[in-house]
Every structure is written in C-alpha cells, then in structure tokens.
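Peer 1: Here it is, the structure, as structure tokens.
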Amino acid sequence: MKIIRLFLILFLFPVLACCQKTPILFQHVRVFDGVQVTPSADVLIENGVIKEIGPTVAPGNAKIVDGTGKTLLPGLIDAHVHVHGAETLEQALTFGVTTEFDMMMPPRLEYQLKSEENDHMASFLSAGNPATVPGGHGTEYGFVIPTLTKPSEAESFVDARLREGSDYIKIMYTAGVSFGRIQRPSISKETMAAVIAAAHARHRMAVVHIGSASGARDAIEAGADGLAHIFHDASSPRDFGQFVAAHHAFVIPTLSVLHAVCGPESAGVRLVSDPNLSPYLSRENISRLQETFPSARSGMISCRGGTQAVAQLEATGVPIVAGTDAPNPGTTYGASLHGELQLYVEAGLTPIQALVAATSAPAAAFHIPDRGRIAPGLRADLLLVNGHPDEDILATRNIVAVYKAGHEVDRRRNSR
Ligand SMILES: [Zn+2]
C-alpha cells in the first residue's frame, strides 16, 4: 500500500501538476457568446472548460484578466481548409481559429495529425479522401486517390472512407463548370445521390463541392447537408435562398477563394497590409495571399452571383458557415477567416451575423456541441480582442489572446 502511495506521489502527482491549467477569470468583459452580446460580464474558465458566466467568485489561484474595453468570443471555426501539416494548424490557432474542418487531405496525414494534436494546434475534423470520378476534381494534386463511377459503388466507397477515419463525406460535383477550355469529368447526379444516401445511412454528413448555380441545385436536390462553396455565376437565381432553406441545407461560401478565381485581385491583398495581421504572416503566406487563379486575369468569371447569394441565404434563414479554402491562391490559414468575415459584411450581413457564421453556426451544422459558444461546460476555446467586433468586424483581428481548451496560446511562436 505504502509503495503504491509513494508511486502516486512521485510519479502521478507531478504529471497532474504539470497539466493542470490555472483557472482564469475574465472580469468586466464584453461577451459575444456565439449568438448574442452581453455588454459586461465575468467569465471563469477552469480545467479547460468554461465554468461560469456572470458576476462570479474566482478560486484563490485564478489568474485575473481585466476585460475592460475588450470582447471575449468563442474560438473561431474555419469550415473549409486543407490541412497540410502541424505548422498549418499552429498558424490557424495564432489567428484565433481553434477548429478547422478539412475538406480533403491524405488519410495517413489525417491520422498522424489527429494523434499528435496538442494545445499549440487548432483541432480539426476531416473528410479525408473525397468522392470523385477518374480524372475528376481532386485527382489533379499529384497523388493517387480512390474514385467511383456508379451508384452501386457508393456504399463500399463510403465504408472505405469511414475505415480511413473520415469524419464526414466530401463529394466533388463539377457538372456545368468550365474555366475556358478546361472541363473536368464529374461524378453524376445519381452517383452523388447514392453517396449521400450511403453517408446518411451510416449517420455521417455529406458536403458537396460545386461551382455553378445549377450544380448547387443538383447537390441540394440529391440530399446534401451543405455546399462546400458558393458558385461563381454572374448572378444568383432569384429563388436560390428559398430553395436552399426549403431543403434545410447550409452553405460554406468561401468568398476568399472565390475572389482569387474571379479577380481582378485576391481579397487576400488587403490582409497583407493590415497591421494586426501582418506581424504573424510569413513571406510565403504573403505571396500566397497575393496570388490569383489564371481565370482572374481573363475577366470572364464574376463574383457578383456568389455575393448576391450570400445575402439571399441570410435573408431566408439558411445557415451561413464561414470557410476560406486555405491554402488555395489568395488565402492562408487563420488570417483569411478574418477576411472572409469582412466579405460577409460587405455582402450585407451584420457583424453579429458574420460572427455567428464562424462560431455557433459551424458547430451546429457539423454537430460538435462542445464548442462554438460561450456557455458553462463547453470547451474553453476563446478569443479575446480589443474593441467591439459585433459593431466593427475588423476588430476580430485586434487580438489580445487566444485560448485553446483553457490554455493561452503563445502567439509569438508564430510571429515573424
Ligand atoms: Zn477546398
């Protein structure tokens, strides 16, 4: 017995002591809880979770943070990225993005990064390999991915993705999309519907990459839970918002990457000159933010339809779920989500609606109830900023501190 006790004291206690996080009390802070604003409250976090909100009494060892003039928000969620390595998850976290939804990555990397996750990296969920046809979108990146061509293959295809560790199923549907002379083969609408049905039968979600308004309609008719992009048509069909609302789907607009497709310049350009973002951007990040796709120079593709659609979707009550498609041209991890929110406000959303799109809306759409809001019992993924982002969306960039599961992130690790 004595030996066991000694073992506990010598070995277990130091392990616990090392990993206990100091409780933190935010005092007199403006709170955006994922849905609405409370002008002044106290928020206590303890053991990695949000303990209490309101005038609250702190434990003796709590660190006190004066929240005067500051706003506390849930950690931001970027619902469309492609995770490339641990450093890309660290970069996201530096900018207050505490969770990312990956929309295509190699399953082996997904497995490795999920097992290595720590408090210096954003958390992520992943689609792993997408559903596409031979030669279709997703096959052009230099590594071999599985493909399917007919509805009868859908069930075994989805089973194989779930065995690989996919959290949800991503489908590439590019019917009706061409960039000049480039037109890729696409999965058929029937096969897409079969893949969605197979995912649903296994209690998994299915989200669809589309590029045109007609493709968006097909995907939603086929039963998609959400669209992984908005389209790049010159205008949005007048009934588009009502149509999506009637089918209870959500949309991840990814206006950040859309602007790099339609030009004339990427939306990333204005992030580079923002003094709140630039100290944390590498030279590589900056050149990526300034890049566009070749189509941007042709002037043939318009961002107007996509921007119109965002306003229609909000007006008809469709959940808008913020996503960037980083690290595609014109984007980078973390910083681009702040640009995406600015684009939503420019499309007609209020700053609060934009903040909902990056917090409670993605958590609800992807069924992760432990985050996306500030409420007792939820994971203490938090972003503390100067000013009132619910009135001026640019204030999300004026970051004071980022917390992942109650741990304050060392943002200097990523400053240049
Ligand atoms: Zn993507």
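Taken together, the values in this text are just the output of simple stated rules run on the coordinates, not laboratory data. On a predicted model such as this, the values are computed, not experimentally measured, just so you know. Note: ideal-geometry Cβ built from the backbone for every residue, glycine included; neighbour counts use all protein chains shown.
Peer 1: What is the helix-to-structure angle for 107-116, meaning the angle in degrees between its Cα long axis and the longest Cα principal axis of the chain, kept from 0 to 90 and rounded to the nearest 10?
Peer 2: Helix 107-116 sits at roughly 10 degrees to that axis.
Peer 1: Okay, next question. Between segment 256-305 and segment 55-112, how many Å separate their Cα centres?
Peer 2: 23
Peer 1: A further question follows. Where a ≥ b ≥ c are the square roots of the eigenvalues of the C-alpha gyration tensor, would you call segment 131-222 rounded, which needs a/c under 1.5, or, failing that, prolate if a/b is larger than b/c, or oblate?
Peer 2: Values: a/c = 1.98, a/b = 1.33, b/c = 1.49.
Because a/c hits 1.5 or more and a/b fails to exceed b/c, segment 131-222 counts as oblate.
Peer 1: Please state the shape class of segment 287-332: rounded when a/c is under 1.5, otherwise prolate if a/b exceeds b/c and oblate if not, all from the C-alpha gyration tensor. It would help to have the intermediate numbers written out before the result.
Peer 2: Numbers: a/c = 4.54, a/b = 1.57, b/c = 2.89.
Oblate is the answer for segment 287-332, as a/c is 1.5 or above yet b/c matches or exceeds a/b.
Peer 1: For a quick check, take a GNM of the chain with Cα springs below 10 Å and name the residue from 163, 397, 202 with the largest mean-square fluctuation.
Peer 2: Result for the chain, Cα springs under 10 Å: 163 fluctuates most.
Peer 1: Ok, one more. Can you tell me the length gained on complete extension of the stretch residue 112 to residue 346, counting 0.36 nm per residue apart and subtracting the Cα distance?
Peer 2: Between residue 112 and residue 346, full extension yields an extra 80.4 nm.
Peer 1: So what is the 222 nm mean residue ellipticity for the chain from helices alone, if each DSSP H run of at least 4 adds -39500 (n - 2.57) and you divide by all residues, rounding to the nearest 500 deg cm²/dmol?
Peer 2: Only helices count here, giving -9000 deg cm²/dmol.
Peer 1: Which value does Rg/Rh take for segment 228-280 over its C-alpha atoms, Rh per Kirkwood?
Peer 2: Working: Rg = 15.1 Å, Rh = 13.4 Å.
Taking Rh as the inverse mean 1/r over Cα pairs, Rg/Rh reads 1.13.
Peer 1: How far apart, in nm, are two points set 7 Å out from the Cα along the Cα-to-Cβ line at residue 246 and at residue 316?
Peer 2: 0.8
Peer 1: With springs only between Cα atoms under 10 Å, which of 275, 74, 185 fluctuates most in a Gaussian network model of the chain?
Peer 2: Highest fluctuation among the options: 275.
Peer 1: Something else about it: May I have the extent of the alpha carbons of segment 20-161 along their three principal axes, as whole Å values ordered from largest to smallest?
Peer 2: For segment 20-161, the Cα extents along the three principal axes come out at 60, 30, 24 Å.
Peer 1: Which angle from 0 to 90°, rounded to the nearest 10, does the C-alpha axis of helix 189-201 make with the longest principal axis of the chain?
Peer 2: Around 30 degrees separate the two axes.
Peer 1: Let me see the pair-distance distribution of the chain: every alpha carbon pair, 10 Å bin width, integer percents in order.
Peer 2: 5, 22, 31, 24, 11, 4, 1, 0
Peer 1: Given the options 128, 69, 96, state which has the largest fluctuation in a GNM of the chain using a 10 Å cut-off (strictly under) for Cα springs.
Peer 2: Taking springs between Cα atoms under 10 Å, the residue moving most is 69.
Peer 1: Mind giving me the nanometre distance, one decimal, between the label points for residue 283 and residue 394, set 7 Å out from Cα along Cα→Cβ?
Peer 2: Roughly 2.9 nm, to one decimal.
Peer 1: So for segment 113-173, what percent of the C-alpha to C-alpha distances run longer than 17 Å?
Peer 2: On the way: 851 of 1830 pairs.
The proportion of pairs with Cα distances above 17 Å equals 47 percent.
Peer 1: Within the chain, how many lysine pairs that are 8 or more places apart, or on different chains, have C-alpha atoms less than 28 Å apart?
Peer 2: Counting lysine pairs in the chain gives 17.
Peer 1: Going by the alpha-carbon gyration tensor, a ≥ b ≥ c the square roots of its eigenvalues, is segment 314-402 rounded (a/c under 1.5) or, if a/c is not under 1.5, prolate (a/b greater than b/c) versus oblate? Kindly include the intermediate steps, with their values, before the conclusion.
Peer 2: On the way: a/c = 1.27, a/b = 1.12, b/c = 1.14.
Since a/c stays below 1.5, the shape of segment 314-402 is classed as rounded.
Peer 1: Roughly what would the spin-label model give for residue 36 and residue 200, points 7 Å off Cα along C-beta, in nm?
Peer 2: 3.4
Peer 1: If you don't mind, another one. Run a plain Debye calculation on segment 236-380 (Cα atoms as equal point scatterers, no solvent) and give log10 I(q)/I(0) at q = 0.17, 0.20 Å⁻¹, rounded to two decimals, same order as the q list.
Peer 2: Values, matching the q order: -0.97, -1.20.
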